[in-house]
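These notes concern the structure reproduced below.
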Amino acid sequence: MSVRQQRKETQISRSVQSGSASVVACRRKFLRFFPNGFADEKYISWERGYKWNAHEKWNAQLNRAEYESLLRKKEFSEIAERAVKIEAPTNMLFSFEKLALRDAVKSAEGACLFALELFELLHGAGKPEKKFERWCETVAGLPKIQSRVFTHPVVTVFGFIAQPETHIFLKPKVTQAAARKYGFDFEYQSRPSWEVYRGLLEFAEQIKLDLKDLKPRDMIDIQSFIWVQGSSEYDE
């Protein structure tokens, strides 16, 4: 066994002593796919890269200064269009959610509600729970043509893209499966709310603590770890 492998085994042994067997099993699964952890080239290619690219596009097209400028000019439809286009190339939303979102912001009213309240979520004053609940109410009130737009992925995807140091993305089935495997009590409800999102943030913080030695950079790394645990794409 190489010195590097011995070091990894020592780290895992320490995790066994400080955490549950399920936590260690999840860690080992992640490292089987990506031996170099969050620095692994395959990990960057498969998981982190496209999410970070979306974040960089957001910073280029909807950074705070640009967003404020568009709001002053009441370019609500332009804001909504940019946001939807930034998310579109990713696989984070299901096709029915992408369609529902495009339909919801087509009207001037829908675009205005979306643009104003998304800015408040990202940059507004006040407690996170109040801002998130108001954002949920806004998304729930957007025009609906065919498919519903008020889903956990839709209400969490833009915060995640814009501010991955703070916000995380919620895919319900995958996250519930990952939490069960991890041994974390994630209290899920189908209706988006601060209570559910707060539970996800607590799950993320626990993972960040448990994987401290792997040096996760942000919520992109944490969400990707959750995805590896719960997605059928990574069934062994």
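Quick look at the numbers
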read-out	value
Residue satisfying all of: in segment 100-114; over 23 Å from the mean Cα position of the chain (by Cα) and either of a type in the set (A, V, I, L, M) or in a loop (DSSP other than H, G, I, E, B) (or both); farthest from Phe150 (Cα to Cα) among these	Ala108
Flag for Lys74 being modelled with pLDDT of 95 or more, closer than 23 Å to His152 by Cα and either assigned to a loop (DSSP other than H, G, I, E, B) or among the basic types (Lys, Arg) (or both)	no
Unique residue being without any contact (Cβ under 8 Å) to a residue 40 or more places away in the chain, assigned to a helix (DSSP H, G or I) and surrounded by fewer than 21 Cβ atoms within 10 Å (Cβ to Cβ) when the list is Glu129, Glu97, Glu117	Glu117
Segments classed as helices (runs of 4 or more DSSP H), wholly inside segment 168-236, with at least 3 members that are under 14 Å from Tyr43 (Cβ atoms) and β-branched (Val, Ile, Thr)	219-230
Pro89 vs. criteria at pLDDT below 95 and not in a helix (DSSP H, G or I)	no
Leading residue by the ranking (farthest from Gln61 (Cα to Cα)) among those in segment 132-169 that are in contact (Cβ under 8 Å) with a residue 60 or more places away in the chain and aromatic (Phe, Trp, Tyr)	Phe132
Segment 181-236, subset touching a residue at least 60 places away in the same chain (Cβ under 8 Å) and aliphatic (A, V, I, L, M), residue surrounded by the most Cβ atoms within 10 Å (Cβ to Cβ)	Ile220
So Lys144, is it part of a helix (DSSP H, G or I) and surrounded by fewer than 21 Cβ atoms within 10 Å (Cβ to Cβ)	no
Count of residues meeting criterion [in a loop (DSSP other than H, G, I, E, B) and modelled with pLDDT under 95] in segment 1-56	4
Where a residue in segment 73-94 is closer than 21 Å to Ser224 by Cα and its partner, wherever it lies, is among the hydroxyl-bearing types (Ser, Thr, Tyr) and assigned to a helix (DSSP H, G or I), with Cβ under 8 Å and at least six apart	Pro89/Tyr50; Thr90/Tyr50; Asn91/Tyr50
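The values are calculated or read from the model by the stated rules, or taken from the named source; none is laboratory data. The structure presented is a predicted model; accordingly, all values stated were derived computationally and were not measured. Note that each Cβ is placed from the backbone with ideal geometry, even for glycine, and that neighbours are counted across all protein chains shown.
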